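To keep things clear, I will list the structure first and then write my remarks on it.
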Amino acid sequence: ETLQRIVSTLANKNDEIHNFIDMLNHTIKNVQVNSSNVISELDEEFDGLYSILDEMKGNMANAIQQEEARKIQALQDQLSQCSNALETSEELLEHAAQSLDIKDHVEFLKAARQIKDRVTMASAFRISLKPKVSDSMAHLMVDFTLERRMLQAVKFLPVPKAPEIDLAACLVADNCITVSWRMPEEESRIDHFVLEYRKTNFDGLPRVKDEQRWELIDCIKATEYTLSGLKFDTKYINLRVQACNKAVGGEYSDPVTLETKAFVFRLDSTSSHLNLKVGDTYVEWDSTGGKGQEKIKGKENKSRSGAQSPKRTSINARSSPRGSRDHFTGESYTVLGDTAVESGQHYWEVRAQKDCKSYSVGVTYRNLGKFDPLGKTNSSWCIHINNWLQTTLSAKHNNKAKTLDVPVPDRIGVYCDFDGGQLTFYNAISKQRLHTFRTKFTQPLLPGFMV
């Protein structure tokens, strides 16, 4: 036996090493693929930068050309005006030179007055001899010193550090897991967080090849997140968190494993009344005591009151010590669960078929008498549904019944807080509370059902 255990341990270790080698090879491939992707993204970024610079260069060159055209046009207009004025002045000078040759005194005076008036009004005296624009284009010069320094300072974006999951602040309750984490140091560039989780049957890193893949929750802005609507049909859940900035995600946090152990029990047929037909998760009235009727695998009788249980996992179920006792008898048509509640908080749900005329759901100490229906003594608590003439719902304990003025639910939730001394029944669909018993439980409790 010792050698077999050693060999079995070695075989398990070999499987773990094979799994780890596969993970390393997969990681190498991912590094190669991710490196190619990063280079492609880098090329795209630089191509985009070149494109912006080319566009800016074109716009600036166009502005320079427009300024050049504006100045040349202004200077050409001024040159044209000066040419016209010079032509007019030269004509006037030629006319004056001809007038100086006039011998007749009266004609000379007449010509002199005309010349005087024309000279006074000549455009040469009104035109500006200063260029309207300068030949300088320095106002369109560009200094890229600062931009060059900025480009030379471009580096890879700093990768965020791995967050740290705060196990003390994590909470597992009510089919929900609240995960809380913190950054090892303050980082202003964190944009969001990514949370990944997966179910596992192992406490710690995954040990089985092809274990379930990570489920991803993206774009979390806070440092806390609640996973809701879970079904605790496995023992553990792995969780890890990644911090991301605008462009890149950092390393994942060290994975943590939170226990989500379900309260799994079966019905103990050895504890049942002879007129009950009992399966692992259902019980039905049967006047023949199940004799002559074989359970058909894969099929369920439609006429039953069912105690729904999560998918069974490999936990250490404790068989009820009632197995050696006689069956319940008389009017105590009762069957008990095979696993006791001794501490903590537990929840299970029960569904009854529509044609079930009378049934009770509750808990009891192990010492429930074989003639005692649930709720008849001070060692059992239950709610009872009666559908014979009119439907009634009542809470029973210690032979006292309290009628509950609420509709009978299709599915009943049973919440037992052993340490807190609370037993509460719910409408499992609407979450409406039906009734709460408060007491100090002094012995282990077994789920109980009466049909």
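The values are calculated or read from the model by the stated rules, or taken from the named source; none is laboratory data. The structure displayed is predicted, hence computed values, not measured ones. Ideal geometry is used to build each Cβ from the backbone, glycine not excepted, and the neighbour counts take in all protein chains shown. Heavy atoms of the whole protein, side chains included, go into the accessibility calculation; ligands, DNA and RNA do not. Shrake-Rupley method; radii C 1.70, N 1.55, O 1.52, S 1.80 Å.
Worth pointing out:
- Using a cutoff of 8 angstrom between alpha carbon atoms and counting only pairs six or more residues apart, the relative contact order for segment 1-153 works out to 25 percent.
- Per residue, in Å², the accessible surface of the chain once ligands and nucleic acids are set aside, probe 1.4 Å: 66 Å²
- DSSP-assigned coil residues among GluC sites (Glu not before Pro) in segment 321-409, each with at most 14 further Cβ atoms within 10 Å: Glu331, Glu342
- Relative contact order of segment 164-259, pairs being alpha-carbon contacts under 8 Å that are 6 or more residues apart, as %: 36 percent
- Per residue, the average separation of C-alpha pairs within less than 8 Å and at least 6 apart gives the chain a relative contact order of 10 percent.
- The magnitude of the dipole of segment 164-259, with charges of +1 and -1 set on the Cβ of Lys/Arg and Asp/Glu and taken from the Cα centre, is near 320 debye.
- Residue list for segment 48-72, given a label point 7 angstrom along the Cα-to-Cβ vector of His139 and an amide N cut-off under 15 Å: 63-72
- Nonlocal amide H pairs with Arg411, under 5 Å, H built at 1.01 Å: Ala428, Ile429
- About its Cα centre, the dipole of the chain is roughly 3300 debye, where the only charges are +1 on Lys and Arg Cβ and -1 on Asp and Glu Cβ.
- Rolling a 1.4 Å probe over the protein heavy atoms of the chain, with every protein chain left in place, gives an accessible area that is 52 percent carbon and sulfur.
- Each label was represented as a point 7 Å from its Cα along the Cα-to-Cβ direction; for Arg70 and Leu24 these points are 7.0 nm apart.
- FRET efficiency estimate (nearest 0.05) - Cβ-Cβ, Leu151 to Phe108, R0 51 angstrom: 0.05
- Subtracting the Cα-Cα distance of Ala61 and Gln4 from 0.36 nm times their residue separation leaves 12.1 nm of extension gain.
- Other-chain or far-sequence residues with amide H under 5 Å of Ala340's (modelled H): Arg318
- Using θ = phi - 60° and Karplus 6.51 cos²θ - 1.76 cosθ + 1.60, couplings along segment 409-415 (whole Hz; Gly, Pro as x): x, 6, 9, 10, x, 10, 10
- The chain: Cα Rg divided by the 2.2 N^0.38 Å rule of thumb: 2.10
- Gain in span if fully extended, Ser80 to Ser36, counting 0.36 nm per residue against the direct Cα distance: 9.3 nm
- The H on the amide N of Arg198, modeled in the peptide plane, is under 5 Å from the matching H of Glu215, Asn238, each at least 5 residues off or on a different chain.
- Computed 3J(HN,Hα) for segment 174-190, one whole-Hz value per residue from the Karplus formula 6.51 cos²θ - 1.76 cosθ + 1.60 where θ = phi - 60°, is 6, 6, 10, 10, 9, 10, 10, 8, 8, 8, x, 8, 5, 10, 7, 8, 5, glycine and proline marked x.
- On the beta carbon distance between Lys370 and Asp419, with R0 = 41 Å, the FRET formula returns roughly 0.90.
- Backbone geometry of segment 51-63 corresponds, through the Karplus equation with coefficients 6.51, -1.76 and 1.60 at θ = phi - 60°, to 3J(HN,Hα) couplings of 4, 5, 5, 4, 5, 5, 4, x, 5, 5, 4, 5, 5 Hz, x marking Gly and Pro.
- Between Lys261 and Glu342, the simple label model (points 7 Å from Cα in the Cβ direction) yields a spacing of 1.1 nm.
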